[in-house]
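Before any comments, here is the structure.
Bear in mind these aren't lab numbers, they're just calculated from the coordinates by the rules spelled out. A quick note: this is a predicted structure, and the numbers were derived from the prediction, not measured. Cβ atoms come from the backbone with ideal geometry, glycine included; neighbour counts cover every protein chain shown.
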Amino acid sequence: MISAMLGEAWLAMGANRLRTFLTMLGMVIGVGAVILMLAVGQGAQQQVQASIASMGSNLFIVLSGSTTSGGLRMGGGAAPTLTLADAQAIEELPSVSAVAPSSSGTAQMVYGPNNWSTQVIGSTPSYLTVRDWRLAEGFPFTDSDIRSATRVALLGQTVVQNLFGDESAVGKTIRIKNSPYVVLGVLAQKGQSLDGRDQDDSVIVPVTTAQRKLFGSQFAGTVRMIMVQAESAESMPAVEKSMNELLRQRHRIRENADNDFSVRNLTAAANTAAETAQVMSLMLGAIASVSLLVGGIGIMNIMLVSVTERTREIGIRMAIGARGNDILLQFLLEAIIISIIGCLIGVALGVGGALLVNKISGMAVVITVSSIVTAFAVAAAVGIFFGWYPARKAAGMKPIDALRYQ
Amino acid sequence: MSGTADAVIRIEQLHKEYETDAGPVPVLKDISVSVMPGEFVAIMGPSGSGKSTFMNILGCLDVATSGSYRLNGRDVGALNRDELAHLRNQVIGFVFQGFNLLPRASIEDNIALPLIYRGTPGDERLRRANEMLAKVGLATHRASRPNQISGGQQQRVAIARALVNQPKLILADEPTGNLDTHTSQEIMALFTELNERDGITIVLVTHESDIAAYAQRLVRLADGRIVYDGPVAHAEPQHLEATT
């Protein structure tokens, strides 16, 4: 019975190929757009999430305040107000899991015939914990390296490539600002940061080495920045509050005076970025769904025309014994077949389009089985939903009226 | 010949009115008629006499306003839409003036169509359709489309379609109205054969006296009433008068 009806639906669709194709096109574009938009949206979302993960989680950055020198205001971090002792004090606060003071600068480094200029970060071993950064090779430096300000370094992947090429870097000695440094380890690949910087283009040395031997400082023991990691996202507000109180106390800031430091919550910013990406992704999907809806209405439109045109045929079928449900099923099947074939083509176009976008623009795309399954289910539902009304109209005709229709 | 329990058609005091803006208009008035198995009945009458409405009610395509109609022993007035469809499918075979074949489907598929609604399996459908094609002498045209064959051939296909479910009753509404005289004779010969050899009951509407002459019994309608019901051979000339 069903197979005979499928055959008839096929015949009916074949009888007016151009119209069938145009009806299908609505579904093709709708499904294709949904799949493409979901792929692009989810790609963007995934990229943002990867960047956030690479930054480290539950992070604060404490920056020293600005100074004014002869009417010239220096930016945040210029005042030598934060010290290593501040960092040690923050570490004692409850719910703080790791603290990494850092001062960084740019320096030229040489290995053999190669030289390279990059950012040198002076910090403590916990910097790796805070940034959730692993070593690909070798060992991290230790607290004793901090105490004695030894000349050791951890190199980022980009630096290794530029100085060593394919050679192994661990255990070699490079020269930074003409002093020899032993490469203790090589950092794992981290990729781009949220703002597009290459995080692998950096070198980490003990903070004391950076201060005393590399960049020098008029104020020994000061750092520009302290990274603080809280134990959990929930404890972040409490940590921020106690950190503020602690630093105001240590810096002896009077009741109404402004802070000489600033605390930034990186996680909040990151979460906002992630939420934005998700909202974007949803919105793209929603906009694309509208075209799916329009496609569905197109199907209903054509099916209504088709029912009217085939009134006489419906009458003949009823006269020779078709029940209302037989007629209903016949028209519903046509709508569903059009939807499903349109959906199949749409999936192919959507996936192809997403791959093309990826190839041309390099934009990340994520095609998930669930988005394809969803598009498919929605297409079938649209077919049934928009095919139902015309099919009902056909099935509800009086045999005698349908048969007399000219 | 009326009132017996095993009549194919048994109609008593049937009325039919159409609702119009000006109030109900009676079309059929107090019709009582029975048709026994194996009869060949011609229905004649001028335009507006109600013969088309009568035919539609006989075919379960329309329902009477009052009165009773028993088809093959079942009270048609008490049936719902699906049950009426079932009756049309299994008890009645329709032959129309305009053939009413599906233009897209092949001859074979057209004939097999009633079997689809009966739920007959595919290979059985094809076997039966081809059997019917052979019966109406069109075995070589099974794959043609209706527009590729002549009007007479199309009417043969329609008859084959009407026969495929082995109906008790064939209702033919001016089956020769669109055909030339020679083809009309061929079609009427086919009806006569079906009636005499296979014992199929036939009720046929016509406005031509020479077509009515193929039947055994004549029912003449005028103004919604039966004005003659008896053997064609005994009919008065005015009852056989051609109408347009």
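When N counts the residues of chain B, how does its alpha-carbon radius of gyration compare numerically with 2.2 N^0.38 Å, as a ratio? Normalised by 2.2 N^0.38 Å, the Cα Rg of chain B equals 1.00.
Amide H contacts under 5 Å for A:K172: A:V183, restricted to partners 5 or more places along the chain or on a different chain, H placed in the peptide plane at 1.01 Å from N. Note on chain B: lysine pairs with Cα distance below 23 Å, sequence gap of 8 or more or different chains, count 5. Across the range A:160-165, coupling constants 3J(HN,Hα) worked out from phi with the 6.51/-1.76/1.60 Karplus curve, θ = phi - 60°, read 4, 4, 6, 8, 10, x Hz, and Gly and Pro carry x. On a 0 to 90 degree scale, rounded to 10, what angle separates helix A:266-309 from the longest Cα axis of chain A? Tilt relative to chain A: about 10 degrees. Positive contributions from Lys and Arg (+1) and negative ones from Asp and Glu (-1), summed over other residues with Cβ under 13 Å from the Cβ of A:T208, come out at +2. Counted over the range A:261-392 with a bin width of 10 Å, the fraction of Cα pairs per bin, in whole percents, is 11, 29, 24, 16, 11, 6, 2, 1, 0. Residues whose amide H falls under 5 Å from that of B:V8, counting only those 5 or more places apart or on a different chain, are B:V35, B:M36, with hydrogens built in the peptide plane. Peptide packing for A:263-271, B:154-162 was compared via the average number of neighbouring C-beta atoms within 10 Å per residue; ordered from the highest value, the list is B:154-162, A:263-271. Across the range B:128-139, computed HN-Hα scalar couplings (Karplus, 6.51 cos²θ - 1.76 cosθ + 1.60, θ = phi - 60°) run 5, 4, 6, 4, 5, 4, 5, 5, 9, x, 10, 4 Hz from first to last residue, x flagging Gly and Pro. Taking the Cβ of B:A242 as the center, what net charge do the other residues with Cβ under 13 Å away carry, scoring Lys and Arg +1 and Asp and Glu -1? Once all neighbours under 13 Å are counted, the net charge is -3. Take every DSSP beta bridge whose two residues both sit in the protein assembly as shown; close to 70 percent of them are antiparallel. Using Cα-only point scatterers and the Debye equation, what is log10 of I(q)/I(0) for the range A:80-259 at each q in 0.13, 0.14, 0.16 Å⁻¹, rounded to two decimals? Computed log10 I(q)/I(0) values: -0.69, -0.78, -0.98. Ordering B:F54, A:F164, A:F21, A:F261 by the number of other Cβ atoms within 10 Å of each residue's own Cβ, fewest first, gives A:F21, A:F164, A:F261, B:F54. Projecting the Cα atoms of B:L194, A:M37, A:L293 onto the charge dipole of the protein assembly as shown, computed from C-beta unit charges around the Cα centre, puts A:M37 farthest toward the positive end. Sorting A:2-11, A:183-192 by average packing, meaning the other beta carbons within 10 Å per residue, from highest down gives A:183-192, A:2-11.
Of the residues B:L14, A:I337, B:L115, the one whose Cα sits farthest towards the positive end of the charge dipole of the protein assembly as shown is A:I337 (charges of +1 on Lys and Arg Cβ, -1 on Asp and Glu Cβ, taken about the Cα centre).
I need A:L304, B:L204 ordered by Cβ neighbour count within 10 Å, fewest first.
A:L304, B:L204
As a test, work out the antiparallel percent of DSSP beta bridges whose residues both lie in the range B:90-244, rounded to the nearest 5. So the antiparallel bridges in the range B:90-244 amount to around 40 percent. Once a ≥ b ≥ c are taken as the square roots of the eigenvalues of the Cα gyration tensor of the protein assembly as shown, is the result rounded (a/c under 1.5), prolate (a/b larger than b/c) or oblate (a/b not larger than b/c)? It is prolate, given that a/c is not under 1.5 and a/b is the larger ratio. The string of couplings for the range A:87-98 from the Karplus curve (6.51, -1.76, 1.60, θ = phi - 60°) is 4, 5, 5, 4, 4, 6, 5, x, 6, 9, 9, 7 Hz, one whole number per residue in order, with x for Gly and Pro.
Taken about its Cα centre, chain A carries a charge dipole of about 760 debye when Lys and Arg each add +1 at the Cβ and Asp and Glu each add -1 at the Cβ. Along the axis of the charge dipole computed for the range B:128-179 (Cβ charges of +1 for Lys and Arg, -1 for Asp and Glu, origin at the Cα centre), the listed residues B:A172, B:T140, B:Q154 are led at the positive end by B:T140. Amide H contacts under 5 Å for B:G67: B:H15, restricted to partners 5 or more places along the chain or on a different chain, H placed in the peptide plane at 1.01 Å from N. The angle between the Cα long axis of helix A:324-361 and the main principal axis of chain A comes to about 30°, on a 0 to 90 degree scale. Relative to the longest principal axis of the Cα atoms of chain B, the long axis of helix B:151-163 makes an angle of roughly 80 degrees.
Net charge in the neighbourhood of B:V91 (other residues with Cβ under 9 Å of its Cβ; Lys, Arg +1, Asp, Glu -1) is +3.
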